[in-house]
Amino acid sequence: MSVGSALQIADRMSVVRESATVALGDKARAMKAAGRDLIDMAGGEPDFDSPQDAIAAATQALQSSFTHYVSSRGIPEFRKAIAEKLRRENGLAYDPEREIVVTVGAKLALLSTFLAALNPGDEVICFTPAWVSYEPMLALASAKMTAVPMRLQGGRFVFDPGQLAAAVNRRTRAIVINSPNNPTGKVFTDEELALIVGTVRDANLMLITDEIYEHILYDGRKHTSPAAMEGMRARTVTINGMSKAYAMTGWRLGYVAADAKLVSAIVTMQQQMTTCATSFAQKGAAVALAGGLTDVAQMVEEFAARRDFLIERFQRIPALEFPTPEGAFYGFPRIRKPGADSPVVAAQLLEEAEVAMVPGSAFGPGGEGHLRFSFACAPSDLERACDRLEKFFAGWPK
Ligand code: PMP
Ligand code: GLU
């Protein structure tokens, strides 16, 4: 009998596809390590250093042996810093003892929320194109994503309120929103938020709001946390983390703020999955959050300059329609060639032009025909990537 045959892969893995963003990031790293002159615009992570005072606090924590398990809710000082941040920046009052839990990245914040809050067969509405992980995470929780596809209209991604209303049925339990949005760069307007919140209230749903890009906004836009909107606190789950605003992706720290009952269920889930988030990393993150938004503002200023550079440069690439990013740090251009197959184009770009971008099809309905790239990379790389794109797409239909 062969030993190999005893190793089975669970049926549930058939609903979990690999993350296109993470897998392509891994591939790009491997190609670079093998000596290829690749420009990696696949993964979304700021090219800035984590805040120095956070690094100092985490180092100090390591040196003073703060290296043991900590509370499964997160260390008290980080939870307190989160509560103060939510009050100061988002106008939200959450009790750090009962209503906040620290997680291993916003990814685990989302997955444990889905696992703790959804029953098999529940449906959850996502506006698509949507971040690659929502649908597989919902599937892991035996729930189903219902797509409300957005379309490009006048250079902005918009959804049809009729389609949103039609997507709600008796199995619908929640709506997920992500504003500023990965991958489209869309920022939901006050009118759009009011409409979504109205649907959530009328149909007695939960609103799960992924606010990881909240500070990365352009042209004077402001972020609104839906939990602060009238009557929404009790039905909203706010997800956030340290990865994007503080350039702390590798620290793997996120958090959930919600009603105490749901937070307790997430804590129970976390006790079985991870015990707690990394102890010394939380010491650093507490300092970063308390330190305010000066570094964040500088980083966003730099992203805004890169975005403006791209708007200019894409005028020389008529084969691509480049919707202006309103927030986050992603470009999501549309390939004008009719029937363009984004995985094929992305593969050609990788091999021939040595530029790594994520095919739009990975982001669900409405994504096909687009490419997603991160402009949170070195400005010199952006410039070289634009040169290569210009050459690659020369002669393609306009
Ligand atoms: N939400 C969105 C929309 C994202 O783009 C990401 C990507 N990093 C995450 C959540 C997860 O972030 P992290 O786990 O690094 O906190
Ligand atoms: N969120 C980033 C992205 O979309 C990082 C990779 C991931 O977590 O998906 O590229």
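Would you mind stating whether Ile239 is part of a helix (DSSP H, G or I), β-branched (Val, Ile, Thr) and at negative phi? Taking the combined requirement at face value, the residue does not satisfy it. Return yes when Leu62 is under 23 Å from Val104 (Cβ atoms) and hydrophobic (A, V, I, L, M, F, W, C) and no when it is not. When the stated conditions are applied, Leu62 passes them. Condition first: more than 24 Å from Arg12 (Cα to Cα) and away from ligand 2 (no atom under 16 Å from the Cβ). Can you find one or more residues in the stretch 123-144 that meet it? The answer is no; no qualifying residue exists. Tell me, yes or no, whether the stretch 360-372 has at least one residue that is within 25 Å of Ala247 (Cβ to Cβ), touching a helix residue (DSSP H, G or I) at 6+ places or on another chain (Cβ under 7 Å) and among the hydrophobic types (A, V, I, L, M, F, W, C). Yes, some residue in the stretch 360-372 is within 25 Å of Ala247 (Cβ to Cβ), touching a helix residue (DSSP H, G or I) at 6+ places or on another chain (Cβ under 7 Å) and among the hydrophobic types (A, V, I, L, M, F, W, C). Only one entry of Phe375, Phe393, Phe332, Phe363 meets the criterion of being modelled with pLDDT of 95 or more, surrounded by 22 or more Cβ atoms within 10 Å (Cβ to Cβ) and over 25 Å from the mean Cα position of the chain (by Cα), and that entry is Phe393. Of the listed requirements (1) among the acidic types (Asp, Glu); (2) more than 16 Å from ligand 1 (Cβ to nearest atom); (3) over 19 Å from Ala378 (Cβ atoms), Glu18 misses just one: (2). Considered as a group, the residues in the stretch 6-43 that are hydroxyl-bearing (Ser, Thr, Tyr) and closer than 19 Å to Ser342 by Cβ include one that is nearest to ligand 2 (Cβ to nearest atom), and that residue is Thr21. Exactly one residue out of Gly198, Gly185, Gly220 is assigned to a loop (DSSP other than H, G, I, E, B), small (Gly, Ala, Ser), away from ligand 1 (no atom under 13 Å from the Cβ) and at pLDDT 95 or above: that is Gly220.
Scanning the stretch 359-398 for residues that are among the acidic types (Asp, Glu) and closer than 20 Å to Arg17 by Cα returns a single hit, Glu368. Would you confirm whether any residue within the stretch 255-267 is in contact with a Gly (Cβ under 7 Å, 6 or more places away or on another chain), modelled with pLDDT of 95 or more and either under 23 Å from Val176 (Cβ atoms) or surrounded by fewer than 22 Cβ atoms within 10 Å (Cβ to Cβ) (or both)? Checked against the condition, which is being in contact with a Gly (Cβ under 7 Å, 6 or more places away or on another chain), modelled with pLDDT of 95 or more and either under 23 Å from Val176 (Cβ atoms) or surrounded by fewer than 22 Cβ atoms within 10 Å (Cβ to Cβ) (or both), the stretch 255-267 yields at least one hit.
Checking each residue of the stretch 136-152 against the condition of being surrounded by fewer than 23 Cβ atoms within 10 Å (Cβ to Cβ), within 16 Å of ligand 1 (Cβ to nearest atom), under 19 Å from the mean Cα position of the chain (by Cα) and assigned to a helix (DSSP H, G or I) gives at least one match. Scanning the stretch 70-93 for residues that are more than 16 Å from ligand 1 (Cβ to nearest atom), touching a strand residue (DSSP E or B) at 6+ places or on another chain (Cβ under 7 Å) and over 18 Å from Glu214 (Cα atoms) returns Arg73, Arg79.
For the stretch 39-63: of the residues being among the aliphatic types (A, V, I, L, M) and under 22 Å from Asn182 (Cβ atoms), which is nearest to ligand 1 (Cβ to nearest atom)? Looking at the filtered set, the residue picked out is Ala42. Figure legend. Inter-residue proximity from the stretch 21-44: first residues surrounded by 19 or more Cβ atoms within 10 Å (Cβ to Cβ), second residues among the aromatic types (Phe, Trp, Tyr) and modelled with pLDDT of 90 or more, beta-carbon distance below 7 Å, spacing 6+ or different chains. Indicated pairs: Met41/Phe373; Gly44/Phe329; Gly44/Tyr330.
Yes/no per residue for (1) of a type outside the set (Ser, Thr, Tyr); (2) away from ligand 2 (no atom under 16 Å from the Cβ); (3) surrounded by fewer than 20 Cβ atoms within 10 Å (Cβ to Cβ):
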position	(1), (2), (3)
Tyr69	no, yes, yes
Ile82	yes, yes, no
Ala93	yes, yes, yes
Val101	yes, yes, no
Ala109	yes, no, no
Ser112	no, no, no
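In the stretch 279-356, which helices (runs of 4 or more DSSP H) lie fully inside it and hold 2 or more residues that are under 23 Å from Asp381 (Cα atoms) and of a type outside the set (D, E, K, R)?
Details: elements: 279-290, 294-314, 342-348.
Helices (runs of 4 or more DSSP H) meeting the threshold: 294-314, 342-348.
Return the residues of the stretch 54-72 that are without any contact (Cβ under 8 Å) to a residue 40 or more places away in the chain and closer than 25 Å to Val267 by Cα; say none if nothing qualifies. Ser65 - this is the single residue of the stretch 54-72 that is without any contact (Cβ under 8 Å) to a residue 40 or more places away in the chain and closer than 25 Å to Val267 by Cα.
For residues that are in contact with a Phe, Trp or Tyr (Cβ under 6 Å, 6 or more places away or on another chain) and closer than 15 Å to Ser361 by Cα, tally how many sit in the stretch 149-167. Residues meeting the conditions: 1.
The values are calculated or read from the model by the stated rules, or taken from the named source; none is laboratory data. Here the structure is a predicted model, which means the values were calculated and not measured. Heads up, the Cβs are rebuilt from the backbone with ideal geometry, glycines too, and the neighbour counts pull from every protein chain shown.
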